[in-house]
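Asker: Would you mind keeping the following structure in view while I ask a few things?
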Amino acid sequence: RSSDLACYTHLGAVASQSMSIATELKTRVGKASSAFRQMRRTIFHNRHIPVKTRLQLLESLVISILMYGSGAWPLLSHRQYTHVSHAILSWQRSIVGVGFWSHTRMTDYEFLATWELPCLSVRLAKHRLLLALKMYQHAPIELWNCISLEDDLCEDSWLHALRHALRWFARLCPHDVPAETDWSTVDIFKWLSAATPACANRVRIAVKKHILQEHMIQEVAYGYRDLQQVCTQHGICFDNAPVPDNLLLQRFQCSTCPASFTTPQGLSAHRWRVHHEISLERQYVFSST
């Protein structure tokens, strides 16, 4: 078929003549899903293995197949991001036994925060940063010339995706990355040239820090909910303050796309889910205290 002739597979990564990532994502999800089905009964649904251990085995046996070479992916569209993210979440929910069908009705954000699992945006940011550090050490100058040229000619270049990862890294580790910069091509090369060998480990620490922050935020939310339930059960009534009419009519516009929302929380969630940009509030959470 003509579609097969337009693609080339090398070490499991699919290169398409159309320069589209769609074929790569479809192949990756298919291979990972097949691996999950083969080991579902013997490993992932084995009640004799602790849930934490099964989730770790999922990372090494299945998600590694899906995320192989993902550091070279450009920014995914909303549909592509949702497709890959839902595949990972469906495997994780199947292992834990918590789905949308359960009585808890736990959202994806609550599930990831409760079980201390990274979302797809964090996974991609980590792989892009680690790839950039390795490429700067070992890749020939011709490759960087091609990457720079792509950044000048294409809006969805790989360096554009790397900028999102660097902004995320700067908010979590401000001592390792300058926060006040527009991350031009020159700025990226300056940071790569100044990066120490320990920078790769700092990226991994940033991922753990992000997971800890999300888990702590979720624990605080659960604590407030339980406190309100206990107070309500003992006869305490809470005043529901009316929302002003001007606030109901207010719209919060996204600066990147035409989407708008009625609450700032909705805008923050949209910018994180669609544009992979962390909200300003999360940078003020530094520890479990």
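Asker: Return the distance in nm (one decimal) between the two label points of a simple spin-label model at residue 220 and residue 186, each offset 7 Å from Cα along Cα→Cβ.
Answerer: With each label point 7 Å from Cα toward Cβ, the separation is 4.0 nm.
Asker: Using 7 Å Cα-to-Cβ label points, what is the residue 233/residue 138 separation (nm, one decimal)?
Answerer: 5.7 nm
Asker: In terms of modelled amide H atoms, which long-range or inter-chain residues lie less than 5 Å from the amide H of residue 262?
Answerer: 252
Asker: So, R0 is 30 Å and r is the distance between the beta-carbons of residue 196 and residue 78; what FRET efficiency does that work out to, to 0.05?
Answerer: Using R0 = 30 Å, I get an efficiency of 0.25.
Asker: Oh, and also: Mind checking the full-extension length gain between residue 64 and residue 22? Use 0.36 nm per residue of separation minus the Cα-Cα distance, one decimal, nm.
Answerer: Value of the extension gain: 13.3 nm.
No value in this document is a laboratory result; all are computed from the given coordinates. Since we're looking at a predicted model, the values are computed, not measured. Here the Cβ is made from the backbone with ideal geometry for all residues, glycine too, and neighbour counts use every protein chain on show.
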